[in-house]
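Structure record follows, encoded as structure tokens.
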Amino acid sequence: MIVDKIKMKMKNVAPLLLFLIICSIISASFIAQSASSFNQEGATLEDEVNNAIKGLDYDNIKVHVKALSALATRVPGYPGYYKAVAYISSTLRGYGLRPIVQNYSAVMPIDEGSYIKVISPRPMKIKAYALWPNDVQTCMTPPEGIRGKLVYVGRGDLRELRGVDLFGSIALMDFNSMDNWVKLAELGVKAFIFMEPPATDSVESFLKSIPVPAYIPRLYVKAEDARVLKELADENAVVELHVNMRWKEIQASNIMVSINGTEHPDEVIVVSAHYDSWSIVPGIAPGAEDAVSVSLLMELARYFAEHRPSRSLWLVALSGYYQFLTGPAEWVEMNYFSDEVQSGKVKILLHLDIDLSSEDTGIDLLYTSWPLWLGADAQSGSRYNWISQRINYYASIALGSPGQIVSERFVNPTFLIDQRWGRQPYMRDYGGSWAEWLYIPTVQVSFQTGILGITLRTQWARRLNWFTPLNDYEFINWSNIKEQAKLVTAIIAGFAYESDWKTEIRTPTRFSLALQYGAMPFGYVTLEGKVMEFNISKGWYAPVPNALVRIWWGGTESRYLGWQFLCRYTFADENGRFTFHGLHPYRQAWLDAWKFNETTGRIIYTVDSGMYGTAQQMAGGIRADILPVTHPASILLPVFRCEE
């Protein structure tokens with residue numbers, strides 16, 4: 001009887017116990033999930049994001065932009081560039097951080113001093129600046145210079161120049177003249193002096209060099225000197241141009257700081273921005289608006305040094321951006337394939353790159369572009385699903401509506417199903433042919449190794465005030481920059497303080513084949529090559545030392561605007577050997593090689609397309625294009641002497 005009563009009570013209590021157990025599990029789960037939203041000091045993820053946004057000091061950003069744009073130029077290899085390296089390193093040390101300067105070799109056209117010598121009627125010497133090379137042909141003149149009658153040609157309108165004897169002259173020309181200088185060169189003008197304009201745009205700049213190795217020296221003079229030269233042209237002056245521009249191997253640098261995470265120190269978010277600039281006049285490239293992104297990066301470094309994130313941050317100021325990601329490619333080579341990363345001791349989760357301008361308040365999320373179009377398939381895009389969801393949440397916090405769907409007007413995720421170019425405008429030249437998109441996401445070098453990457457780039461970014469020798473600080477719309485900075489900071493802080501990482505973590509790969517039809521192979525191939533010349537007396541090829549070697553993707557001849565950004569350069573060594581890092585498996589690239597007369601600067605060697613060169617497509621790798629199917633890949637690049 002007693003046993004039966006006990007059994008009856010247990011039967012009645014069992015459902016209650018089960019209910020209590022379930023409630024305990026749910027409660028524990030809820031508490032665990034809630035706890036995961038708090039950091040060690042009890043702040044929620046939303047708090048951390050808001051604190052990071054509020055912690056930005058926009059005056060600091062403006063100070064950095066002014067300091068960097070005051071350096072005259074940040075083109076790698078020029079004095080202002082090395083001052084920028086010192087400024088960024090010093091600033092980071094001032095925040096209590098330990099910047100690591102990682103040097104790499106690059107090859108750049110360096111103007112080592114150019115001037116105009118007025119022979120008559122009043123002898124004088126005027127400072128001038130060499131323009132970017134035509135293809136690989138620099139503006140260098142022989143030691144005696146180039147002499148001719150100075151003729152003012154305005155914009156180069158042929159109707160206004162009827163009856164003017166241009167043959168053998170040196171043309172003084174308005175900078176804002178499109179590419180009319182090419183027509184005048186066809187009429188016998190042997191050199192050009194472009195005058196500083198009161199205002200100009202990037203298209204005018206791009207059109208002052210052409211993707212053809214034409215030997216046509218071109219100089220740029222400041223406005224006050226232009227007025228003097230214009231007066232001299234009215235007096236039938238004779239002038240002599242002296243241009244000292246050569247391709248030189250220079251030391252360039254990427255600057256990196258590491259801020260260790262408090263909870264996940266082995267998990268790394270890479271945040272980058274480039275600090276170099278570009279101008280058609282490499283000696284004058286202030287690039288004020290181009291300095292906004294790296295200035296924001298430095299301000300983020302200050303904040304995170306004081307408010308350490310949950311997972312580690314690598315903040316990287318990159319250079320060599322405008323040389324088809326030469327600097328970023330070298331940075332990936334040095335860091336992604338280190339023993340720590342390859343062993344899994346350090347896990348790289350995501351690469352975020354900052355690429356801002358002030359045309360708009362919204363940002364595009366990009367990971368590839370022309371000419372590579374990496375990962376333009378559904379499989380690659382699907383890897384970004386969780387990333388995209390979290391970015392939406394972080395952006396919603398920045399916009400004051402946590403958890404709401406963010407309009408593409410503010411953040412445009414371009415990778416959910418298939419790669420698109422977001423709201424990036426394309427440009428056509430005036431002939432109507434494609435000029436493609438003038439952007440190259442830095443994160444492509446990460447993405448091709450298998451690491452997810454996103455470039456945070458301003459929407460509708462035409463950047464018409466960029467790439468000129470004029471200082472564009474006055475054109476910066478700081479209100480638009482501030483709105484974008486809030487979104488960028490929210491995204492970076494969100495991932496930095498995120499409690500759990502819920503997407504695939506990969507180790508950077510050298511070479512992997514796509515196992516699914518239509519999927520993209522990943523990899524980071526090293527190309528090892530040798531420049532060779534056929535020796536007819538020996539019946540085989542001999543190495544050619546110290547040649548300039550260029551690699552490019554997409555073909556410079558197919559792009560008239562911005563072709564200058566498609567190439568990487570190096571020099572062959574004494575044995576004709578050269579190396580390029582970061583080729584993509586199964587993506588075709590083209591190469592050529594050149595040598596120049598050391599006295600005159602003229603081309604004396606170029607690619608051999610004849611019977612002993614690429615025409616035969618001979619066995620043994622003698623060719624001028626490469627489709628990497630192994631790591632490392634190799635090539636023998638044939639050249640011949642084209643000038644005695």
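The values are calculated or read from the model by the stated rules, or taken from the named source; none is laboratory data. Nothing here was measured: the structure is a model prediction, and the numbers come from that model. Backbone-built Cβ (ideal geometry, glycine too); neighbour counts: all protein chains shown. With ligands, DNA and RNA removed, areas are computed over all heavy atoms of the protein, side chains included. Shrake-Rupley method; radii C 1.70, N 1.55, O 1.52, S 1.80 Å.
Return one whole number: the accessible area per residue of segment 448-507 in Å², for a 1.4 Å probe.
Per-residue accessible area for segment 448-507 comes out at 34 Å².
Can you give me the Cα centroid spacing of segment 542-608 and segment 271-336 in angstrom?
Taking the Cα centre of each part, segment 542-608 and segment 271-336 sit 26 Å apart.
For segment 245-258, what does the Karplus curve 6.51 cos²θ - 1.76 cosθ + 1.60, with θ = phi - 60°, yield as ³J(HN,Hα) per residue in whole Hz, taken in order and with x for Gly and Pro?
3J(HN,Hα) across segment 245-258, in whole Hz: 10, 9, 6, 9, 7, 10, 8, 10, 9, 10, 10, 10, 10, 10.
With contacts defined as alpha carbon pairs under 8 Å and 6 or more residues apart, what's the relative contact order of the chain in percent?
15 percent
So what's the gap between the Cα centers of segment 354-370 and segment 71-134, to the nearest angstrom?
Measuring centre to centre over Cα atoms gives 27 Å.
Which of the chymotrypsin sites (Phe, Trp or Tyr not before Pro) found in segment 457-540 are in a DSSP loop and have at most 11 neighbouring Cβ atoms, other than their own, within 10 Å?
Tyr517
Could you go through segment 102-109 in sequence order and give the Karplus-derived ³J(HN,Hα) for each residue, using 6.51 cos²θ - 1.76 cosθ + 1.60 with θ = phi - 60°, rounded to whole Hz, and x for Gly and Pro?
9, 8, 8, 8, 9, 10, 9, x
Considering Cα pairs under 8 angstrom that are at least six residues apart, work out the relative contact order of segment 73-137 and quote it in whole percent.
19 percent
Please state the charge dipole magnitude for the chain, taken about the Cα centre, from unit charges on C-beta atoms (+1 on K and R, -1 on D and E), reported in debye and rounded to the nearest 20.
Computed about the Cα centre, the dipole is about 780 debye.
Which aspartates and glutamates have a Cα lying under 15 Å from the Cα of Lys530, excluding residues fewer than 8 positions away in the same chain?
Correct list for Lys530: Asp573, Glu574, Asp592, Asp608, Asp625.
Which listed residue (Leu318, Pro508, Ile551) has the Cα farthest towards the positive end of the charge dipole for the chain, taking +1 on Lys and Arg C-beta and -1 on Asp and Glu C-beta about the Cα centre?
Pro508
Show me, for segment 117-127, the HN-Hα J-couplings you get by feeding each phi into the Karplus relation (A = 6.51, B = -1.76, C = 1.60, θ = phi - 60°), rounded to Hz, glycine and proline as x.
9, 7, 7, 8, x, 10, x, 6, 10, 10, 5
Can you order the peptides 298-308, 312-322 by their average number of other Cβ atoms within 10 Å per residue, highest first? Numbers along the way, then the final one.
Details: 298-308: 20.2, 312-322: 24.7.
With the highest mean Cβ count within 10 Å placed first, the list reads 312-322, 298-308.
Rounded to the nearest 500 deg cm²/dmol, what is the calculated helix-only ellipticity per residue at 222 nm for the chain, with -39500 (n - 2.57) per DSSP H run of length n ≥ 4?
Only helices count here, giving -8000 deg cm²/dmol.
For the chain, what % of the accessible area comes from carbon and sulfur atoms, probe 1.4 Å?
Heavy-atom surface of the chain belonging to carbon and sulfur, 1.4 Å probe: 54 percent.
Give the residue list of trypsin sites (Lys or Arg not before Pro) in segment 201-296 that are DSSP loop and have at most 15 other beta-carbon atoms within 10 angstrom. The partial results should precede the final answer.
Numbers: sites: Lys208, Arg218, Lys222, Arg227, Lys230, Arg246, Lys248; in loops: Lys208, Lys222.
Passing both the DSSP loop test and the Cβ count: Lys222.
Is segment 117-192 best put as rounded, prolate or oblate by its Cα gyration tensor, with a ≥ b ≥ c the root eigenvalues, rounded for a/c under 1.5, and otherwise prolate when a/b is larger than b/c, oblate when not? Each step should come with its number before you reach the end.
Numbers: a/c = 1.71, a/b = 1.17, b/c = 1.46.
Because a/c hits 1.5 or more and a/b fails to exceed b/c, segment 117-192 counts as oblate.
Among the lysines, which fall within straight-line cross-link reach of Lys230, defined as a Cα-Cα distance under 22 Å, with same-chain neighbours fewer than 8 residues apart omitted?
Within the straight-line limit of under 22 Å, Lys230 reaches these lysines: Lys117, Lys125, Lys127, Lys149, Lys183, Lys190, Lys208, Lys222.
Which of these values of Cα extents along the principal axes in Å was calculated from the structure shown: [x] 129, 60, 45; [y] 110, 64, 55; [z] 122, 74, 42?
It is the value labelled [x].
What number comes out for accessible area per residue over segment 270-333 if the probe is 1.4 Å? Units Å², please.
Here the residues of segment 270-333 average 12 Å² of exposed surface.
Taking H placed 1.01 Å from N in the peptide plane, check which residues at least 5 places from Arg74 or on another chain put their amide H under 5 Å from its amide H.
When sequence neighbours closer than 5 places are left aside, the close amide H contacts are Ser277, Ala285.
Which one of Ala490, Thr138, Ile119 has its Cα pushed farthest toward the positive end of the charge dipole of the chain, where Lys and Arg give +1 and Asp and Glu give -1 at the Cβ?
The one lying farthest along the dipole's positive direction is Ala490.
Can you pull out the GluC sites (Glu not before Pro) in segment 174-240 whose DSSP state is coil and whose Cβ has at most 14 other Cβ atoms within 10 Å? Intermediate values should be presented prior to the final figure.
Details: sites: Glu186, Glu204, Glu224, Glu231, Glu235, Glu240; in loops: Glu235.
Answer in residue order: Glu235.
Within the chain, what percent of beta bridges assigned by DSSP are antiparallel, to the nearest 5?
Taking every DSSP beta bridge within the chain, about 60 percent pair in antiparallel fashion.
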